[in-house]
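Presented below is the structure to which this report refers.
The values are calculated or read from the model by the stated rules, or taken from the named source; none is laboratory data. All values reported here derive from a predicted model rather than from experimental measurement. Every residue, glycine as well, gets a Cβ built from its backbone with ideal geometry; the counts of neighbours run over all protein chains shown.
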Amino acid sequence: MGYIPPHVNETALKYGERMLEKGPAIERVERIQQSVIQRMNRGGKNPYKREEETALMKKRRKIEQRLYGKGRQFDAWT
């Protein structure tokens, strides 16, 4: 039988020499700002054009109901 030299576990030595960190190794990423949906002004200068049109349509329907004495009228061929 031959001579067997003492075996040193290098992996255990490397792990044993590590210093423990007090904080996390990876810094926390801040949350992104929440997106806000904005109405786009497409082709017109008045951003409230749709609201004005709906108000005019309601007024028109009210006048038609008073004149014709009926509810909503639909343009349909029967």
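Conditions tested, residue by residue: (1) assigned to a loop (DSSP other than H, G, I, E, B); (2) modelled with pLDDT under 75; (3) surrounded by 10 or more Cβ atoms within 10 Å (Cβ to Cβ).
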| position | (1), (2), (3) |
| --- | --- |
| Tyr3 | yes, no, no |
| Thr11 | no, no, no |
| Leu20 | yes, yes, no |
| Arg31 | yes, no, no |
| Met57 | no, no, yes |
| Asp75 | yes, yes, no |
Residues satisfying the stated conditions in the range 33-55, i.e. surrounded by 10 or more Cβ atoms within 10 Å (Cβ to Cβ) and modelled with pLDDT under 75: Asn41, Pro47
